[in-house]
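Shown next, in structure tokens, is the structure this report addresses.
Values in this text are rule-based calculations from the coordinates and carry no lab data. In this text the structure is predicted, and so the values were computed from the model without any measurement. With ideal geometry, Cβ positions are generated from the backbone for all residues, glycine too; neighbour counts draw on all protein chains shown.
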Amino acid sequence: MPAVIVNNITKRYGKKNAVVTALKEISFEVDKGELFGIIGPDGAGKTSLFRILTTLLLPEGGTASVDGFDVVKDYKAIRKRVGYMPGRFSLYQDLTVKENLDFFATIFNTSVEENYELVKDIYSQIEPFKDRRAGKLSGGMKQKLALSCALIHRPSVLFLDEPTTGVDAVSRKEFWEMLQRLKKQGITILVSTPYMDEASLCDRVALVQSGKILSIDTPEQIVASFEKPLLAVKSDNMLQLLSLLKQCEWVEDAYPFGEFHHVVMKGEFKADLSAYLSSQLSAFEMVDTNPNIEDCFISLMKENDE
Amino acid sequence: MSNDKVIIADKLTKRFGDFTAVDAISFEVNKGEIFGFLGANGAGKTTAMRMLSGLSMPTSGKAIVAGFDIYRENEQIKRNIGYMSQKFSLYEDLTVKENIRFYAGIYGKSNQFIKEKTERVLRQLHLSAEADKLVKSLPLGWKQKLAFSVAIFHEPQLVFLDEPTGGVDPVTRREFWHMIYEAAASGITVFVTTHYMDEAEYCNRVSIMVDGRIDALDTPQQLKKTFSASSMDEVFLKLARKATRAAD
Amino acid sequence: MKQFLSFVKKEFHHIFRDLRTMFILLAMPVAQIIIFGFALTNEVKNSRIVVWDQSKDAATTSLINQIEASNYFELDREIYSANEIETSFKKGKVKLAVIFPPHFNEDLLHFNKAQVQLIADASDPNVANTLTNYASAIIMDYQDRITNERKLPYTITTEMRMLYNPELKGAYNFVPGVMAMVLLLVCTMMTAITIVREKEMGTMEVMLVSPMKPFRIVLAKAVPYLMLSAVNITSILLLSVYVLDVPINGSLVLLVAESLLFTLVSLSLGLLISSRAESQQTAMFISLVALFLPTVMLSGFMFPIENMPLPLRTVSNIVPAKWYYSIVRSVMIKGVGLHAVWKETLILAGMFVFFLGLAIKNFKIRLA
């Protein structure tokens, strides 16, 4: 049985005249032991989804279960077996590292000793600071402590809501390495993130936008399903280049992408485009390139808008 | 002092007690440039930006921003710069128009100027139909774009953008960068911090702060060459991993 | 149970690590008692008095001399009409007027009985109280002396009147008032704020997604404040008895029990507020406007309820502090037992059950 089953979940906020639909009939399943990513910008509905699955919110429609327990009826059972790390740092800032961990262990009817093996890998990195107040830790260390606290009762499913938002590239990378190691321990992990580049680190991902799922698949499959030719172009004047590309009839879409502009072509018109740009610009560089998740997201988003 | 330098920082230093948050940084930013200001959390970015925008006094060193001395002329500096951050929010309970009016009013712009420019800005943002709607009813991406337009509404010489695109979807993020390009093309210098390393590549030049110092400063292309890296992400990781001090 | 204790321990950590909270909880009650207490117990020396002597005979002259000779009084001037009493009080320096009726000595000699009237400016009730006590002591002294000299039982009755504050509200009344205020502050406001703080910080979210039963979370947060209230009750009572010389005339056990009951009412109010408020400011605002103001204004501690218009008197009945204030005054100062305050006690107990029930009903096991 899948660890998480989400079936037509709908969530609305607000009163009659100003209703915001945060989730529109979302369905997906997460297998046991999977590292599942929910990828999308702010306002996509990631937090609402996590709060429904952790029994903090009631859905307006649909059903969902975690570990076989219904998120509405069996909320008590779910609260005993999941780990949850909200988007904001949610530990007691005026308690020390050790006090926080001890406290969470007791709340979950366990002790730090009992599950030390599970958190050792993460906790040992902050253990030298165990008498420091949580509020005085660096961003990366706070995150490690929060993860330790969410894990201390050996949850069967771990929900991490935007754990890497606002964290610098180095800490982000370390955090994902920790998740990979946790996965090996057999814990099912659901993680949400606005960073597209983190998708490739998950087993499967759901791309979400405005309360809807654009696509669910392995990162490799999502990228493989991008069928149109993709070019990378650059020149001295990138702004001028972009407006040229956007006007061009063979071009489906053009947008800045790192050092280059990415150009999604309507077909095999590379030679035509090259000739056209030569006539307009003194120098430019054009190469074929492989799409990544972000290209896919942009393309799916635009399809979805139409 | 030459006119095409919008920022000249010379051994700019800020100490808090015995902690040196910013350690004698020196750099220059040219007029109309998009200058990326990167660094891990706690590297000293925010402190440096505060000094440059006249909000905090340096411990030592010199800096000229928009032609004004940061020690003596911080009031003039504030008048000649714009500022926007992810957290900087427009007033949610004011309408789009009221927000523009309010911020433009702070900078003492004439009613005529405000009226004309408001229309132009709203047209560019495709927000004309939403002019009288409350800001809180707008989607996040639109808010961010509006906030940027408001930050440069008074046509400052220089605008500071502190992680302006955090959490924004990839399409809006690119629309946002398009606006940045346009602002730069019109002569506004852009000083931007970001956690998205691909965005670093959109900058003309990028500086990377490590432990309060600027450890690298060049065009993204050159930086990648120097550090024999395939992306700015790699450059950043190589530099930031050297950091010895804990982030805040 | 272990969960619960661990939560209580955590709560104490929060309190002991925040100087501001510590100050509000423990130092403020003491400071309030001392500041108010001492402001009201001025050392009385060389207080100015006026004398209206309508007899001008040997006895009155002798008595006036005695009064003047003491350290406590200094004759400001003689007056010749009743109007002048108030005029001299209003000027501020004169605190006491001594009035001898006509034929004082004659009455004393013929009927063995005479009258003196003492009128005090009771806007400062403690001073007024002390002054009249001193003055009557001097008069008693004189009476005893002439009784001894002439071997006849003379009686001088002193009639006392307090101007401006006839009930002589002072430290005696003040102590029960401060107790009510302090307990409300500690229990209601601090409890509400500390729970709402967890909502604001996002820690409530994590607590809810744990096997800890939601309402236990809240009860566990209330326990430390209940304990701290006990400390405050003790320290206020000790200060009252040993520093302010306010006696505990009734049963100490009853007094403490009633105080704990009031603490429970305050805690349940705090829980109720916290179940509604989403930010610390809101919690603070509700506590101040809905509880503090009524407590100060309508409990009878600052202003006598009997003098209020009917609507206010009616409203004052739903202010818990009013009932507590009345209980403490009865037990502590009048020295009566439970039989005299059972009605008030029952009302407080009812309020506790009602507020707690409402708080439990309103408590959310989810975020929205």
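Overview of results
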{"quantity": "Local net charge near B:ILE77, Cβ-Cβ under 13 Å (Lys/Arg +1, Asp/Glu -1)", "calculated": "+1"}
{"quantity": "About the Cα centre, charge dipole magnitude for region A:185-275 (Lys/Arg +1, Asp/Glu -1 at Cβ), debye", "calculated": "180 debye"}
{"quantity": "Reach of C:LYS95 by Cα under 29 Å, taken over lysines that are not fewer than 8 positions away in the same chain", "calculated": "C:LYS45, C:LYS56, C:LYS113, C:LYS169, C:LYS334"}
{"quantity": "Inter-chain Cβ neighbour average for residues C:206-219, partner chain, 10 Å", "calculated": "5"}
{"quantity": "Ordering of A:177-185, B:231-239, B:43-51 by burial proxy (mean other Cβ atoms within 10 Å per residue, highest first)", "calculated": "B:43-51, B:231-239, A:177-185"}
{"quantity": "Residue-averaged [θ]222 nm for the protein assembly as shown, counting only DSSP H segments that reach four residues, each worth -39500 (n - 2.57)", "calculated": "-14000 deg cm²/dmol"}
{"quantity": "Förster radius 22 Å - calculated FRET efficiency between C:VAL30 and C:ASP245, Cβ distance, rounded to 0.05", "calculated": "0.85"}
{"quantity": "Chain B: angle of helix B:140-151 to the longest principal axis, Cα-based, in degrees nearest 10", "calculated": "90 degrees"}
{"quantity": "R0 of 30 Å, Cβ-Cβ distance A:THR10-C:ILE365: FRET efficiency to nearest 0.05", "calculated": "0.90"}
{"quantity": "Number of partner chain Cβ atoms within 10 Å, mean per residue of A:86-94", "calculated": "5"}
{"quantity": "Aspartates and glutamates with Cα under 18 Å of C:LYS361, excluding same-chain neighbours fewer than 8 positions away", "calculated": "C:GLU278"}
{"quantity": "Antiparallel DSSP beta bridges within chain C, as percent of all bridges there, nearest 5", "calculated": "15 percent"}
{"quantity": "Karplus (6.51, -1.76, 1.60) ³J(HN,Hα), θ = phi - 60°, over region C:342-356, in Hz, Gly and Pro reported as x", "calculated": "5, 5, 4, 4, 5, 4, 4, 4, x, 4, 4, 4, 5, 5, 5"}
{"quantity": "Per-residue Cβ neighbour rank within 10 angstrom, fewest leading, B:ARG123, B:ARG101", "calculated": "B:ARG123, B:ARG101"}
{"quantity": "Percent of alpha-carbon pairs separated by more than 51 Å within the protein assembly as shown", "calculated": "40 percent"}
{"quantity": "Cα-centred dipole magnitude for chain A, charges only on beta-carbon of K, R (+1) and D, E (-1), debye, nearest 20", "calculated": "1480 debye"}
{"quantity": "Neighbour-count order for B:HIS126, A:HIS262, fewest beta carbons within 10 angstrom listed first", "calculated": "B:HIS126, A:HIS262"}
{"quantity": "Long-range HN-HN contacts of B:VAL206 with modeled amide H, under 5 Å", "calculated": "B:GLY36, B:ASP218, B:THR219"}
{"quantity": "Near-label residues of region B:44-63 by backbone N, under 16 Å of a point 7 Å along Cα→Cβ of B:LEU94", "calculated": "none"}
{"quantity": "Charge-dipole axis of the protein assembly as shown as Lys and Arg at +1 and Asp and Glu at -1 on Cβ define it, positive-most pick from C:PRO211, C:LEU310, C:VAL50", "calculated": "C:VAL50"}
{"quantity": "Acute angle (nearest 10 degrees) that the helix A:139-151 long axis makes with the longest principal axis of chain A, alpha-carbon atoms", "calculated": "60 degrees"}
{"quantity": "Region C:47-163, dipole about Cα centre (Lys/Arg Cβ +1, Asp/Glu Cβ -1), debye to the nearest 20", "calculated": "100 debye"}
{"quantity": "Under Karplus coefficients 6.51, -1.76 and 1.60, residue-wise ³J(HN,Hα) of region B:54-62 in Hz, glycine/proline x", "calculated": "x, 8, 9, 7, x, 7, 7, x, 10"}
{"quantity": "Hz values of 3J(HN,Hα) by residue in region A:43-55 - Karplus curve (6.51, -1.76, 1.60), Gly and Pro given as x", "calculated": "x, 6, x, 4, 5, 4, 4, 5, 5, 5, 5, 8, 6"}
{"quantity": "Built amide H within the under 5 Å cut-off of C:PHE73, gap 5+", "calculated": "C:ASN46, C:SER47"}
{"quantity": "Measure of compaction for chain A (Cα Rg per 2.2 N^0.38 Å)", "calculated": "1.17"}
{"quantity": "Residue exposure sequence - B:LEU138, A:LEU23, A:LEU58 - by fewest surrounding Cβ within 10 Å", "calculated": "A:LEU58, B:LEU138, A:LEU23"}
{"quantity": "Choice from C:MET201, C:MET332, C:MET351 with maximal GNM fluctuation in chain C (Cα, 10 Å cutoff)", "calculated": "C:MET201"}
{"quantity": "Pairs beyond 18 Å (Cα-Cα), from A:LYS98/C:LYS199; A:LYS98/A:LYS136; A:LYS120/A:LYS144; B:LYS5/B:LYS109; A:LYS24/A:LYS46", "calculated": "A:LYS98/C:LYS199; B:LYS5/B:LYS109"}
{"quantity": "Nonlocal amide H pairs with A:ARG204, under 5 Å, H built at 1.01 Å", "calculated": "A:LEU35, A:GLY37"}
{"quantity": "Using a Förster distance of 60 Å, the FRET efficiency for A:ALA18-C:LYS93 (Cβ separation, nearest 0.05)", "calculated": "0.35"}
{"quantity": "Peptide ranges C:109-122, C:139-152, B:168-181 listed from the most packed, as the mean C-beta count within 10 angstrom indicates", "calculated": "B:168-181, C:109-122, C:139-152"}
{"quantity": "Order by protection proxy (mean Cβ within 10 Å, highest first), peptides C:340-350, A:89-99", "calculated": "A:89-99, C:340-350"}
{"quantity": "Chain C, relative contact order in percent, only Cα pairs under 8 angstrom and at least six apart counted", "calculated": "17 percent"}
{"quantity": "All aspartates and glutamates inside 15 Å of A:LYS11 as judged from Cα atoms, apart from same-chain residues fewer than 8 positions distant", "calculated": "A:GLU25, A:GLU60"}
{"quantity": "Set B:LYS136/B:LYS242; A:LYS173/A:LYS212; A:LYS15/B:LYS97 screened for pairs whose C-alpha atoms are more than 32 Å apart", "calculated": "B:LYS136/B:LYS242"}
{"quantity": "Shielding by other protein chains, A:132-144, mean Cβ within 10 Å", "calculated": "2"}
